[in-house]
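Notes to accompany the following structure.
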Amino acid sequence: MKHSEKLGLILPEEEDFYNINEFNENFEKLDAAHEQFEDSRCIISENTIIETYASGSRITQISDSGEEITESVYDGNDMLIEKIITTIKGSEINEVKQDLNIKDGSPEVQEVEE
């Protein structure tokens, strides 16, 4: 028996017997996944995209020149957990990712050059 990659749905193979409990389990997983996106919203303005989900939000801002894109990811408590700054100059693209790990109540910034 196989499982789907993203939701872990049970994927019976030809030689497997049909099990109503597994069928019901799949639908419970689909319901749970649907709830996560049911409350999602997306607001788009001139230079900003705000996406909100049950588990948090993402704000993407594009500079007036279009040369810098900043993505800020927040958890369900509106705490900043990740920031990605992408700079575009001609054909050169530079991305700096900041993972914000909370230790002792204060964030620890870890920059990752990609």
Quick count over the stretch 46-63, residues being modelled with pLDDT of 90 or more, open to solvent by 70 Å² or more (accessible area, probe 1.4 Å) and outside any strand (DSSP E or B), is 0
Restricting attention to the stretch 82-92, does a residue exist that is among the polar types (S, T, N, Q) and at pLDDT below 85?
-> no
Does Ile69 satisfy the condition of being free of Cβ contacts under 8 Å to residues at least 60 places away in the same chain, open to solvent by 40 Å² or more (accessible area, probe 1.4 Å), in a strand (DSSP E or B) and more than 19 Å from Cys42 (Cα to Cα)?
-> no
Does Ile84 qualify as being surrounded by 10 or more Cβ atoms within 10 Å (Cβ to Cβ), under 17 Å from Leu100 (Cβ atoms) and without any contact (Cβ under 8 Å) to a residue 24 or more places away in the chain?
-> yes
Residue in the stretch 17-45 that is modelled with the highest pLDDT, counting only those that are closer than 22 Å to Ile84 by Cβ and hydroxyl-bearing (Ser, Thr, Tyr) = Ser45
In the stretch 5-19, residue farthest from Ala33 (Cα to Cα) [restricted to those that are surrounded by 10 or more Cβ atoms within 10 Å (Cβ to Cβ) and under 31 Å from the mean Cα position of the chain (by Cα)] = Pro12
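The values are calculated or read from the model by the stated rules, or taken from the named source; none is laboratory data. Note that the structure is a prediction, hence the values are computed from the model and not measured. Cβ coordinates were reconstructed from backbone atoms using ideal geometry, including for glycine residues, and neighbour counts include every protein chain displayed. Please note that ligands, DNA and RNA were not included when accessible areas were found on the heavy atoms of the full protein model with its side chains. Shrake-Rupley method; radii C 1.70, N 1.55, O 1.52, S 1.80 Å.
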